[in-house]
Amino acid sequence: MLMSKFTTSNDSKAKVCEDLVKQLSNKIVQVHNQSVQYQQKIDTRLQNINNQIGTICTSLSNIETQLVGKLPSQPIPNTNENVKAVTLRSGKELVSPKVKSRRVEKEVE
């Protein structure tokens, strides 16, 4: 009889210990999943910051080019590159638009 109490006591302790291990394991999995989600958010935010920094650098380069008069490090695309014809207000169409060259005369001081 004493032996059966001892066995029952050990079985209940083992069950409690097993339950604690399962709870701990579930908590570890939960914390791991949360940390993975957090890391993904951080990675996305860092990528967005990198994209913004690239845009700022390009804009600064273009502004510097305009101020200094040098050629830009990245070519600025011409939005009118594929123009084939020009329609005047009168309705007349020019198939090949003629570009007038401007000559800027330097003033002598």
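Nothing in this text is a laboratory measurement; each read-out follows from the coordinates by a stated rule. From a predicted model like this one, the values you see are computed outputs, not experimental measurements. In this analysis, Cβ positions are derived from the backbone assuming ideal geometry, glycine residues included, and neighbour counts consider all displayed protein chains.
What spacing in nm lies between the two simple spin-label points modelled at residue 12 and residue 60, each 7 Å away from Cα in the Cβ direction? Output for this residue pair reads 7.1 nm. Multiplying the residue separation of residue 31 and residue 90 by 0.36 nm and removing their Cα-Cα distance gives an extension gain of 14.0 nm. Modelled this way, with points 7 Å down the Cα-to-C-beta line, the labels at residue 46 and residue 21 are 3.7 nm from one another.
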